[in-house]
1. For the condition farther than 26 Å from V65 by Cβ and in contact (Cβ under 8 Å) with a residue 40 or more places away in the chain, what is the one hit in D270, D237?
2. So, of the residues in region 397-427 that are of a type in the set (S, T, Y) and either outside any helix (DSSP H, G or I) or open to solvent by 20 Å² or more (accessible area, probe 1.4 Å) (or both), which turns out to be modelled with the highest pLDDT?
3. Could you say whether any residue in region 169-181 is buried (at least 16 other Cβ atoms within 10 Å of the Cβ) and not in a helix (DSSP H, G or I)?
4. Which is at pLDDT 90 or above, open to solvent by 10 Å² or more (accessible area, probe 1.4 Å) and closer than 30 Å to D207 by Cβ, of L338, L281, L381, L295?
5. Inspect region 470-478 for any residue being without any contact (Cβ under 8 Å) to a residue 60 or more places away in the chain, in a loop (DSSP other than H, G, I, E, B) and among the hydrophobic types (A, V, I, L, M, F, W, C) and give the result as yes or no.
6. Which residues, counting only those in region 357-373, are closer than 21 Å to A251 by Cα and touching a Ser or Thr at 6+ places or on another chain (Cβ under 9 Å)?
7. Would you confirm whether or not region 48-57 contains a residue that is of a type in the set (D, E, K, R) and within 26 Å of T197 (Cα to Cα)?
8. Any residue at all in region 141-153 that's among the charged types (D, E, K, R), open to solvent by 20 Å² or more (accessible area, probe 1.4 Å) and under 17 Å from the mean Cα position of the chain (by Cα)?
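The values are calculated or read from the model by the stated rules, or taken from the named source; none is laboratory data. Please read all numbers here as calculations on a predicted model, not as lab measurements. Here Cβ is always computed from backbone atoms with ideal geometry, including for glycine, and neighbour counts include all displayed protein chains. For accessibility, only protein heavy atoms count, side chains too; no ligands or nucleic acids. Shrake-Rupley method; radii C 1.70, N 1.55, O 1.52, S 1.80 Å.
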Amino acid sequence: CMWSVIVLLTGPVLAGLLSLVIHRARVLHVVNFSTMLALAGAETALTRQVLAEGSVTTLGGFVYVDALSDFILVIITAIGLSCSLYMWSYMDDRVARGVIAPKRLGHFFFLFHMFLFAMVAATVANSLGVQWVALEGTTLATTFLIAFFRRRESLEAGWKYLILCSVGIALALFGVVLTYYSSVRVLGDASSALNITALIGVANQLDPNVLKLAFIFILVGYGTKVGLVPMHTWLPDAYSEAPAPIAAMLAGVLETVAVYTVLRSKALVDQALPPEFTGNLLLTFGLLSFIVASLFILIQHNYKRLFAYSSIEHMGLAMIGFGVGGTIGTFGGLFHLLNHAVAKALAFFVAGNIHRRFDTLEIDGVRGLARAQPITAVAILVAGCALVGLPPFSPFVSELLVVSAVAAQDFSSDTVHVGRFVTMTISDEMRSLGIVVLFLFFAVVLFGGFMFRVGAMVWGTPPAGIAQGESWTAGHVPLMIMIVALLGLGFVLPEPIQTLLTRAVNVIVVR
């Protein structure tokens with residue numbers, strides 16, 4: 001167990017440092033991929049330990065891994081491994097075309113591994129303070145990765161990301177400080193006042209009024225990283241300018257880690273306050289994000305920005321699940337994080353392939369994918385169908401779980417004042433039905449806008465000068481893995497993942 005954690009934490013650091021002194025591209029790729037294989041192996045061993053013991057505390061209490069954090073680690077290592085495999089052909093192509101200088105390849109892998117280390121540290125840390133520091137570390141690493149191509153637009157996107165996420169992380173810090181203020185008065189030990197293991201035992205004794213304010217700051221702060229509306233404005237620019245594998249990591253992994261930090265606080269706050277407090281906040285931000293992203297998808301002309309707004313929509317959907325809560329809603333939200341990570345990694349791998357062939361990010365500039373890149377065309381159709389929630393792909397299952405949880409939700413009836421003299425009572429059934437109808441309406445809007453854009457790129461005649469045909473290469477392997485995963489998870493959820501998800505639900509839901 002201890003050695004698994006050590007590999008997860010030191011592997012990216014060692015690989016990053018080695019990347020600074022290695023100058024041969026092939027060796028850099030071998031180091032990168034070997035490190036990700038080692039991390040995947042260590043995470044597999046850690047998962048077995050968590051499934052056997054329930055939770056693991058090691059390295060002097062600095063590391064705490066339960067079912068929830070281990071589930072997030074599964075996503076980090078799985079998507080990280082697929083991105084490392086995709087980078088092999090993608091980055092070599094960027095170097096061959098002169099987009100980046102060969103000597104900068106080592107800098108890219110250094111930043112990638114620091115990004116990876118920060119996310120792992122945020123997930124396994126037994127302290128809300130260390131968790132905050134690690135999430136701030138992801139901002140520093142990814143700012144340079146977003147601006148890596150040094151184009152005017154990518155530099156602008158990097159600065160925008162840095163400024164907005166720094167403001168968000170500062171707000172989250174205030175929430176962490178308030179949590180500390182509340183807990184130190186109960187625990188009496190300043191050194192452990194932010195430890196998750198210590199807070200779990202005394203959360204029901206913390207000051208509810210202070211925790212209310214703390215959770216609001218944490219949700220808005222970390223919600224900036226998640227890309228929730230209205231804190232989302234950095235996200236479309238960043239995802240459209242970042243290298244394709246980094247966009248896949250941002251959308252599939254960083255957003256998931258940021259959601260994890262919110263869920264950690266929710267699990268604590270729900271012990272001191274009725275779960276409706278955090279639930280209503282998450283439900284509000286989730287619905288707002290889902291609706292706004294669905295509308296913005298209708299007017300997109302850049303396919304990477306299209307996928308970016310899809311990320312906002314899916315994070316909103318997951319938040320609806322967590323907001324509704326209960327076993328079904330929380331399970332659906334967690335399962336949706338996994339499904340979204342896989343589907344969005346596939347989408348950005350496809351975007352990288354298209355950009356390399358057509359040399360444009362504009363949807364209008366891409367036609368006839370079925371002729372020009374038939375393998376990529378199949379992949380983008382699968383990604384599109386999965387992201388709009390069509391069966392038999394796994395996002396359909398998690399979306400169905402979330403909608404079912406909303407429909408079955410037992411909202412408390414509210415009395416609403418209309419004018420000065422008229423009052424109206426909204427029943428549980430009316431509110432549930434209203435949310436379901438709203439969700440389904442904008443899901444149809446999303447489906448039409450998204451698939452119209454995807455279809456426009458797949459069919460038709462390729463522009464003049466675009467080579468037709470696509471030979472099978474190693475770069476297509478991660479695409480096929482993602483397609484198989486989306487299909488497989490839509491039919492069968494492997495028993496270890498199902499057990500991990502069920503136990504993660506028990507971590508979040510207060511009985």
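1. Values: D270 fails: farther than 26 Å from V65 by Cβ.
None of the other options fit; the residue is D237.
2. Kept after step one, since they are of a type in the set (S, T, Y), are these residues of region 397-427: 398, 404, 412-413, 415, 423, 425, 427.
Filter again for either outside any helix (DSSP H, G or I) or open to solvent by 20 Å² or more (accessible area, probe 1.4 Å) (or both), leaving 404, 412-413, 415, 423, 425, 427.
On the way: S404: 89, S412: 41, S413: 39, T415: 39, T423: 38, T425: 42, S427: 48.
Only one residue fits best here, namely S404.
3. Looking through region 169-181, none of the residues is buried (at least 16 other Cβ atoms within 10 Å of the Cβ) and not in a helix (DSSP H, G or I).
4. On the way: L338 fails: closer than 30 Å to D207 by Cβ; L381 fails: closer than 30 Å to D207 by Cβ; L295 fails: closer than 30 Å to D207 by Cβ.
Selected residue: L281, the only one of L338, L281, L381, L295 that is at pLDDT 90 or above, open to solvent by 10 Å² or more (accessible area, probe 1.4 Å) and closer than 30 Å to D207 by Cβ.
5. Filtering region 470-478 down to residues without any contact (Cβ under 8 Å) to a residue 60 or more places away in the chain leaves 471.
Subset that is in a loop (DSSP other than H, G, I, E, B): 471.
Those still in the list that are among the hydrophobic types (A, V, I, L, M, F, W, C) too: none.
No - not one qualifying residue is present in region 470-478.
6. The answer is L361, and nothing else.
7. Keep residues of region 48-57 that are of a type in the set (D, E, K, R), which gives 48, 53.
Then keep just the ones that are within 26 Å of T197 (Cα to Cα); that gives 48, 53.
Within region 48-57, one or more residues are of a type in the set (D, E, K, R) and within 26 Å of T197 (Cα to Cα).
8. Within region 141-153, the first condition is being among the charged types (D, E, K, R), and the residues that meet it are 150-153.
Remaining after also requiring open to solvent by 20 Å² or more (accessible area, probe 1.4 Å): 150-153.
Narrowing the set further to residues that are under 17 Å from the mean Cα position of the chain (by Cα) leaves none.
No, region 141-153 has no match at all.
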